[in-house]
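Chemist: Below is the structure I would like to discuss, written out as structure tokens.
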Amino acid sequence: MSFIEVKDLCKEYRIAKSEKGIAGAVKSLFHREYTVKEAVKNISFSLEKGEMVGYIGPNGAGKSTTIKMLSGVLLPTSGTAKVGDIIPYENRKENAKRIGVVFGQRSQLYWDLPISDTFDLYESLYSVPKERFRKNCDYFTELLDMKDFLHQPVRQLSLGQKMKANIAIALLHDPEVLYLDEPTIGLDVTSKKVLRDALKSINEEKKTTIILTTHDMDDIEAVCKRLIMIDRGQKLFDGTLRDFRETYNDGFTIKLEFDGALPPWQESSSYELLEEAEHHWLIKSGAETTAKAAMIELIERYNPVNLYVQEERIEDIVRRAYALDREAPEDA
Amino acid sequence: MKKYWIVFKKSLKSELIYRWAALWRILGAVLEFLIQIFLWRALLGTEAHNGVSFSDMLLYVLINSFMMQLTHTNVAGMIENAMIDGTVSMELLRPISYKGYLLSQMLGKNIYGSLTATVPVLLLSLFFLSGAVLPDFVHILLFFLSAILGIALLFEVTYLFGLTAFWLQRCWFIRFYLYGFQNIFGGTLVPIWFYPELLKTLSYWLPFRYMTFEPINLFLMKTQLEQAWIPILAAFLWLVGLSIADNLIWRAAARKLTVNGG
């Protein structure tokens with residue numbers, strides 16, 4: 001029995017069709033047509049304690065809906081989810097005590113008060129023992145570098161500062177699971193790095209199970225070993241980052257640089273010319289040849305001054321995986 | 001219990017930030033009080049009508065406005081706002097009952113406003129109060145009991161109707177209905193003392209008169225001790241009935257919930 005167990009989870013929404021123009025709006029007052037949108041379709045996965053998983057998918061794929069069902073806010077249409085021994089949506093309050101949630105576009109902080117006030121609130125809400133609360137406060141203030149703005153009203157803080165505070169309060173009660181829904185949205189490079197490092201240390205030191213949804217593949221590469229990809233409510237991939245690369249691998253790119261004019265391009269089935277500039281080529285090589293073989297062959301054929309091999313970035317792989325899914329018929 | 005206390009405290013503290021808003025509220029409250037007082041002075045003169053004297057009216061206006069202020073930011077509006085922008089999902093993430101959270105939040109938000117609005121008015125009313133008889137100790141105790149029940153009842157009714165926002169998304173109109181019912185059947189504008197028999201009878205069968213009118217009756221000792229149990233029991237029964245109803249509706253609402261915006 002795994003720690004988090006999700007089985008055939010489905011969530012449907014009824015959406016009222018709105019028609020064009022004022023006339024349409026008036027008409028819809030009397031008669032309204034509904035369409036059913038399946039936000040989450042038959043998703044199953046299981047997670048062990050202490051795992052750190054990236055949950056990715058394009059906008060509207062059903063990521064947040066899944067997280068909301070796991071945190072007990074939304075009730076699934078069918079299927080089950082279990083966190084520990086608790087069914088979250090049936091036992092919302094019990095479940096809430098052992099999870100921490102951060103929604104990147106929402107804040108749990110008191111708008112008019114300093115962060116320390118929200119800290120107090122959470123101390124009481126979760127009945128955190130005083131000693132441990134003190135220790136956690138210090139730990140997260142240090143880890144997320146929050147000392148400077150702990151006593152400023154929240155409305156005067158920057159987005160990054162608020163995000164750090166939201167992550168800290170989600171963790172003050174030492175939850176067993178942490179759900180992060182786009183925690184790096186709108187953050188600058190430095191803040192993102194601080195956050196990723198913090199997440200790694202939290203996972204290592206406190207053995208917190210973390211589910212992270214994001215659109216920033218660098219987050220995933222930096223933090224997660226495992227990846228679950230969904231699109232249009234369905235699961236497309238579940239496995240390690242390495243397997244993900246192999247499954248969707250489509251070769252690598254090679255950049256050849258030349259001193260003078262470019263030599264004539266020889267058409268070949270194993271290479272594709274992606275880009276031609278004044279002094280360089282960008283060449284795509286298929287997955288069937290190794291980088292070594294391709295390098296030797298290209299050097300012999302064209303004699304470049306410099307040669308760079310670049311592995312395909314996760315981001316590009318993901319983009320292709322989404323595209324592949326979109327090409328397939330909806331209910332394949 | 002400690003959880004709810006801290007929600008109350010933090011909500012009060014958030015309110016204290018805006019000092020100018022409080023000042024304007026005081027001004028508004030004083031004006032409203034004066035209007036009502038002069039109106040009743042003109043209507044009643046110096047004699048008692050139907051056994052109601054001017055100083056009775058004064059106390060009536062005072063207590064009524066304090067209790068109404070205490071539920072001024074009403075829960076229905078709070079639920080509606082949380083539904084519109086989706087913050088309801090954040091509130092549900094906390095290990096605390098939603099109803100209890102709303103109640104503490106509402107009281108914290110309003111208590112400051114009620115006090116700032118009432119204390120100046122109370123001082124002002126000392127000029128008008130002459131020959132008023134203060135209630136005896138037992139009546140005061142009963143008044144407090146009945147006032148607490150009244151506020152709970154006010155909260156309960158607004159909460160119950162506010163929950164419809166889970167289906168309708170919007171429920172601002174409910175505020176107007178409630179306000180209207182309170183005015184008519186609760187006697188918050190014109191006391192039920194002056195009502196025709198039919199309306200008076202009708203008001204006994206609805207929860208609204210037990211919110212502010214009955215507590216005031218106790219304070220003014222217009223309800224005899226032997227009869228005091230009637231409005232208190234009625235308020236209590238309404239409270240129990242409405243709690244059961246809102247519990248059922250809450251369960252259906254949680255099932256129905258959709259969260260707006262991502």
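Throughout, read-outs are computed from the coordinates displayed, never taken from laboratory work. None of these values were measured; they are calculated from a predicted model. Cβ: placed from backbone, ideal geometry, glycine included. Neighbour counts: every protein chain shown.
Chemist: Can you work out ³J(HN,Hα) from phi for every residue in the range A:90-104, in order, using Karplus 6.51 cos²θ - 1.76 cosθ + 1.60 and θ = phi - 60°, giving whole Hz and x for Gly and Pro?
Modeler: In residue order, the calculated couplings are 9, 9, 3, 5, 4, 5, 4, 5, 10, 10, x, 10, 10, 9, x Hz.
Chemist: Distances over 14 Å make up what percent of all Cα-Cα pairs in the range B:23-69? Let's see the in-between values first.
Modeler: Working: 571 of 1081 pairs.
So the portion of pairs separated by more than 14 Å is 53 percent.
Chemist: Separate question: Quick one: A:K27, A:K284, fewest Cβ neighbours within 10 Å first, how do they rank? Each step should come with its number before you reach the end.
Modeler: Values: A:K27 12, A:K284 16.
Least to most surrounded, the residues fall as A:K27, A:K284.
Chemist: Could I ask something else about it? How large is log10 of I(q)/I(0) for the range A:198-332 at q = 0.09, 0.11, 0.16 Å⁻¹ when the intensity is taken from the Debye formula with one equal scatterer per alpha-carbon?
Modeler: For the requested q values the scattering log ratios are -0.40, -0.56, -0.91.
Chemist: May I ask for the net charge around B:D136, where only other residues with Cβ less than 15 Å from the Cβ of B:D136 are counted and Lys, Arg are +1 while Asp, Glu are -1? Kindly include the intermediate steps, with their values, before the conclusion.
Modeler: On the way: positive: B:K222; negative: B:E226.
Net charge around B:D136: 0.
Chemist: Something else: Against the longest principal axis of chain A, how steep is helix A:130-143, in degrees 0 to 90 to the nearest 10, with axes from Cα atoms?
Modeler: For A:130-143 against chain A, the angle is about 30 degrees.
Chemist: Follow-up. Take the range A:22-89, drop everything but the C-alpha atoms, weight them equally and run the Debye formula without solvent; then report log10 I(q)/I(0) at 0.18, 0.19, 0.21, 0.27 Å⁻¹ to two decimals.
Modeler: Debye output, listed in q order: -0.79, -0.85, -0.97, -1.32.
Chemist: What are the ³J(HN,Hα) values, in whole Hz, obtained from phi via the Karplus relation 6.51 cos²θ - 1.76 cosθ + 1.60 with θ = phi - 60°, for each residue of the range B:195-202 in sequence order, with x given for Gly and Pro?
Modeler: For the range B:195-202, the Karplus-derived couplings read 7, x, 3, 4, 5, 4, 4, 4 Hz, x marking Gly and Pro.
Chemist: For a footprinting-style exposure proxy, rank B:S55, A:S158 by other Cβ within 10 Å, fewest first. Mind showing how you got there, number by number?
Modeler: Working: B:S55 18, A:S158 13.
Going from least to most buried by this count: A:S158, B:S55.
Chemist: Additional query: For the peptides B:206-218, A:290-302, what is the packing order when you average, over each peptide's residues, the other Cβ atoms within 10 Å and list the highest mean first? It would help to have the intermediate numbers written out before the result.
Modeler: Numbers: B:206-218: 24.8, A:290-302: 13.6.
Highest mean packing first, the order is B:206-218, A:290-302.
Chemist: Give me P(r) over the range B:188-262, computed from all C-alpha to C-alpha distances, binned every 5 Å, as integer percentages.
Modeler: 3, 13, 18, 18, 14, 9, 8, 7, 5, 3, 1, 0
Chemist: In addition: Give, in whole angstrom and from largest to smallest, the semi-axes √(5λ) of the equivalent ellipsoid of the protein assembly as shown, with λ running over the eigenvalues of the Cα gyration tensor. The partial results should precede the final answer.
Modeler: On the way: eigenvalues 804, 127, 99 Å².
Output for the protein assembly as shown: semi-axes of 63, 25, 22 Å.
Chemist: Rounded to whole Å and sorted largest first, list the principal axis extents of the Cα atoms in the range B:1-111.
Modeler: Dimensions of the range B:1-111 along the principal axes of its Cα atoms: 58, 31, 28 Å.
Chemist: Then there is this: Counting only Cα, what are the radius of gyration and maximum Cα-Cα distance Dmax of chain B, in Å?
Modeler: Computed over the Cα atoms of chain B, radius of gyration and Dmax are 19.4, 64 Å.
Chemist: Here is a further query. How far is helix B:137-162 tilted off the main Cα axis of chain B, in degrees rounded to 10, range 0 to 90?
Modeler: 40
Chemist: Could I ask something else about it? Quick one: net charge around B:A254, please, counting Lys, Arg +1 and Asp, Glu -1 for every other residue with C-beta under 11 Å from its C-beta. Walk me through the numbers on the way to the answer.
Modeler: Details: positive: A:R92, B:R251, B:R255, B:K256; negative: A:E90.
Result for the local shell: +3.
Chemist: Next up: Which number do you get for Rg(Cα) / (2.2 N^0.38 Å) in chain A?
Modeler: Working: Rg = 24.5 Å, N = 332, 2.2 N^0.38 = 20.0 Å.
Taking the Cα Rg and dividing by 2.2 N^0.38 Å, one obtains 1.23.
Chemist: For the range A:251-311, treating each Cα as an identical point scatterer without solvent, what Debye log10 I(q)/I(0) comes out at q = 0.12, 0.24 1/Å?
Modeler: Per q value, in the given order, log10 I(q)/I(0) is -0.24, -1.02.
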